[in-house]
Amino acid sequence: MIENLLKDPHKRHLLITVATAAAIIIYISGALRTVFGFDVALIAALLGGLPIYYSAISAILVGSISADLAVALAALAACAIGQYIVAAEVILIMLIGEALENFAVGRTRSAIDALLKLRARKVCVLKKGQQKIISPEEVEPGDIVIVKPGEKIPVDGKVKEGFSSVDQSPITGESIPVDQAPGD
């Protein structure tokens, strides 16, 4: 169970975030102030901040400045002046921000994957009077694409002939089919 949490970087990040928050809550409540002579807030700031410190150092080594560097400097400065709880809070805020970012990016990836699954894999085009099956990437401007009832529309274009109701929900979100006619 713990192995699986540590292997997945997003779950590991979430675990670090929750552990840091728990340490801060325990510290603020007064239930535990020190562990083996070390301030609990200092431990939370140092251990919870490990991914941030690592990222900041990695960025510096490649000649880049990141938000992680600013947060790391702020946390280390707070530690240097003995404000361990402030350092832990700065780290926690950054960890929460990164967790929210990971969540949003994950949802976006899922939505894009779902859209890609809706696309047509093959296209029937009319070339030199004959129907030919090709991939959507091979369709060129000016090709005549044949779409039969119930098929997904593989590429953007105009209706040359025929009438039909088209499900445009994967593109527009509109759940009601839209009537299409020549010129549309």
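In whole Hz, with x marking every Gly and Pro, tabulate ³J(HN,Hα) for region 90-101 from phi via Karplus 6.51 cos²θ - 1.76 cosθ + 1.60, θ = phi - 60°.
4, 4, 4, 4, 5, 4, 5, x, 5, 5, 5, 5
With θ taken as phi - 60° and the coefficients 6.51, -1.76 and 1.60, list the Karplus ³J(HN,Hα) couplings across region 54-65 in order, rounded to whole Hz; mark glycine and proline as x.
Running phi through 6.51 cos²θ - 1.76 cosθ + 1.60 with θ = phi - 60° gives 4, 5, 5, 5, 4, 5, 4, 5, 9, x, 10, 10 Hz.
For the residue pair Gln131 and Val166, what label-to-label distance in nm results when each label sits 7 Å from Cα along the Cα-to-beta-carbon direction?
Here the answer is 1.9 nm between the modelled labels.
Amide H neighbours of Gln180 under 5 Å, at least 5 residues apart or on other chains, H built in the peptide plane: list them.
Long-range HN contacts for Gln180: Ser164, Ser165, Val166.
Relative to the longest principal Cα axis of the chain, at what angle does helix 67-80 sit, 0 to 90 degrees, rounded to 10?
On a 0 to 90 degree scale, this one is about 10.
Tally up the carbon and sulfur contribution to the accessible surface of region 7-125 as a whole percent, 1.4 Å probe, everything protein left in place.
Within region 7-125, the accessible surface is 71 percent carbon and sulfur.
Scan the chain and report its longest stretch carrying no chymotrypsin sites (Phe, Trp or Tyr not before Pro) that are both in a DSSP loop and have at most 10 other Cβ atoms within 10 Å. Don't jump to the answer; show the numbers that get you there.
Values: sites that count: Phe36, Phe163.
Answer from the scan: 37-162.
What's the local net charge at Asp68, with K and R +1, D and E -1, over the other residues with C-beta under 15 Å away? Could you put the intermediate results ahead of the total?
Working: positive: none; negative: Glu98, Glu101.
Computed value for this residue: -2.
Under a point-charge model restricted to the Cβ atoms of Lys and Arg (+1) and Asp and Glu (-1), what is the dipole moment magnitude of region 47-164 relative to its Cα centre, in debye to the nearest 20?
880 debye
Work from the charge dipole of the chain (Cβ charges, +1 for Lys and Arg, -1 for Asp and Glu, about the Cα centre) and give the residue of Thr34, Val125, Ala74 farthest towards its positive end.
Positive-end residue among those listed: Val125.
Per residue, how many Å² of accessible area does region 1-125 show with a 1.4 Å probe?
Working: 8060 Å² over 125 residues.
Value for region 1-125: 64 Å² per residue.
Please list 3J(HN,Hα) in residue order for region 16-31, calculated via the Karplus relation 6.51 cos²θ - 1.76 cosθ + 1.60 where θ = phi - 60°; whole Hz, with x for glycine and proline.
4, 5, 5, 5, 5, 4, 4, 4, 5, 5, 4, 5, 5, 5, x, 5
How far, in nm, would the chain grow between Ala70 and Ala114 when pulled straight, counting 0.36 nm per residue and subtracting the alpha carbon separation?
That works out to 12.2 nm of additional length.
Would you report the distance distribution of C-alpha pairs in region 81-184 as whole percents per 5 angstrom bin, up to the bin with the largest distance?
Once binned at 5 Å, the Cα pair distances of region 81-184 give 2, 10, 14, 15, 13, 8, 6, 5, 5, 5, 4, 4, 3, 2, 1, 0, 0.
What ranking do 86-96, 129-139 get when scored by the average of other Cβ atoms within 10 Å per residue, highest first?
Numbers: 86-96: 21.7, 129-139: 10.9.
In descending order of packing, they fall as 86-96, 129-139.
Which listed residue (Pro154, Gly49, Ile112) has the Cα farthest towards the positive end of the charge dipole for the chain, taking +1 on Lys and Arg C-beta and -1 on Asp and Glu C-beta about the Cα centre?
Result: Pro154.
If each residue of separation counts as 0.36 nm, what is the full-extension length gain between Ile60 and Asn102 once their alpha-carbon separation is subtracted?
12.9 nm
Can you work out D for region 1-88 in µm² s⁻¹ from Stokes-Einstein, where Rh is the Kirkwood radius over C-alpha pairs, the temperature is 4 °C and the viscosity is 1.567 mPa s?
Details: Rh = 13.8 Å.
Stokes-Einstein gives a translational diffusion coefficient of 94 µm²/s.
How compact and how long is the chain, expressed as Rg and Dmax of its alpha-carbon atoms in Å?
In order Rg, Dmax, the Cα atoms of the chain give 27.7, 85 Å.
The values are calculated or read from the model by the stated rules, or taken from the named source; none is laboratory data. Note that the structure is a prediction, hence the values are computed from the model and not measured. Here the Cβ is made from the backbone with ideal geometry for all residues, glycine too, and neighbour counts use every protein chain on show. Areas reflect the complete protein model, heavy atoms only, side chains present, ligands, DNA and RNA absent. Shrake-Rupley method; radii C 1.70, N 1.55, O 1.52, S 1.80 Å.
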